[in-house]
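Working notes, beginning with the structure itself.
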């Protein structure tokens, strides 16, 4: 399904992962999110748009401001609870192993 | 590659254990944690500081492909016993996630194989689950693509 691939594309970008990390801890406005990055504001807006389109983030109007929330349900759908965490470490350790094999005499 | 890495995380507990067996002598496995130049390659981070001693500290930094810093982490090393163990704290800077405690045990299995056991303790079960649900959060310091490039160059 296309949507699913889009989600993974969305999270493949380090800045977008950093945004998800920030918003996971508390809901934030676009301005507050952008303040955490050296990246230009329009670039951050684009990232927020992508994350919202694939439903990893949700927007809620709060007066004149828009607050961004993490969509926990969507995050769960994307991957089962522990498997991605395990895979991340597995990838890392595979690399460690490959690199250190070069040092074997 | 098979699935060599195991995660044990019991429901409702505030810790988890990561275990992995390596086709490497324990000395080489430990070296991958000890030498900044090697840590940088497999973690995909820049090592700003790595003092491998009791009360030493470390700091890692990850940038996006444009050179913007996206993630910084640091911690204090409490125990450092070559080829045996590292005990350290881990903090993700500028995030509200509490500091975590990590016990790393390095074990010789045979002359050519070894095992790493990483016991991570979080402030609460809720925080542990939040971090488990966010592999992308942890993935930030992984710079997966860049690491893949390094490994491909080595092949």
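Screening the candidates A:30, A:24, A:40, A:35 for the property of being buried (at least 20 other Cβ atoms within 10 Å of the Cβ) and in the same structural domain as residue A:12 (by TED's automatic domain parsing) yields one hit, A:24.
What residue, of A:53, A:58, is more than 10 Å from chain B (Cβ to nearest Cβ), surrounded by fewer than 14 Cβ atoms within 10 Å (Cβ to Cβ) and over 25 Å from residue B:62 (Cα atoms)? Working first, answer last.
Numbers: A:58 fails: surrounded by fewer than 14 Cβ atoms within 10 Å (Cβ to Cβ).
From the options A:53, A:58, the qualifying one is A:53.
Regarding residue A:102, is this residue within 13 Å of chain B (Cβ to nearest Cβ) and loosely packed, with under 13 Cβ neighbours inside 10 Å? Explain how you work it out, then say what you get.
Values: within 13 Å of chain B (Cβ to nearest Cβ): yes; loosely packed, with under 13 Cβ neighbours inside 10 Å: yes.
Yes; evaluated as a whole, the condition is true for this residue.
Screening segment B:1-86 for strands (runs of 3 or more DSSP E) wholly inside it with 1 or more residues that are within 24 Å of residue B:132 (Cβ to Cβ) and more than 7 Å from chain A (Cβ to nearest Cβ) returns the ranges B:5-8, B:15-22, B:56-63, B:69-81.
When residues in segment B:63-99 are screened for being touching a helix residue (DSSP H, G or I) at 6+ places or on another chain (Cβ under 8 Å) and buried (at least 18 other Cβ atoms within 10 Å of the Cβ), 8 of them pass. Of the helices (runs of 4 or more DSSP H) that lie entirely inside segment A:21-105, those containing 1 or more residues that are modelled with pLDDT of 85 or more span A:30-34, A:41-53, A:83-101.
Taking the conditions exactly as written (touching a strand residue (DSSP E or B) at 6+ places or on another chain (Cβ under 9 Å), within 20 Å of residue B:8 (Cα to Cα), more than 9 Å from every other protein chain (Cβ to nearest Cβ) and not in a helix (DSSP H, G or I)), does residue B:120 satisfy them or not? Full working, then the answer.
Values: touching a strand residue (DSSP E or B) at 6+ places or on another chain (Cβ under 9 Å): yes; within 20 Å of residue B:8 (Cα to Cα): yes; more than 9 Å from every other protein chain (Cβ to nearest Cβ): yes; not in a helix (DSSP H, G or I): yes.
Against the criterion (touching a strand residue (DSSP E or B) at 6+ places or on another chain (Cβ under 9 Å), within 20 Å of residue B:8 (Cα to Cα), more than 9 Å from every other protein chain (Cβ to nearest Cβ) and not in a helix (DSSP H, G or I)), residue B:120 qualifies.
When only residues in segment B:105-131 that are within 19 Å of the chain's Cα centre (by Cα) and free of Cβ contacts under 8 Å to residues at least 24 places away in the same chain count, which is nearest to residue B:28 (Cα to Cα)? For segment B:105-131, the residue satisfying everything is B:105.
The values are calculated or read from the model by the stated rules, or taken from the named source; none is laboratory data. Please read these numbers as outputs of a predicted model, since none were measured by experiment. All Cβ positions, even for glycine, are placed from backbone atoms using ideal geometry, and neighbour counts span all protein chains on display.
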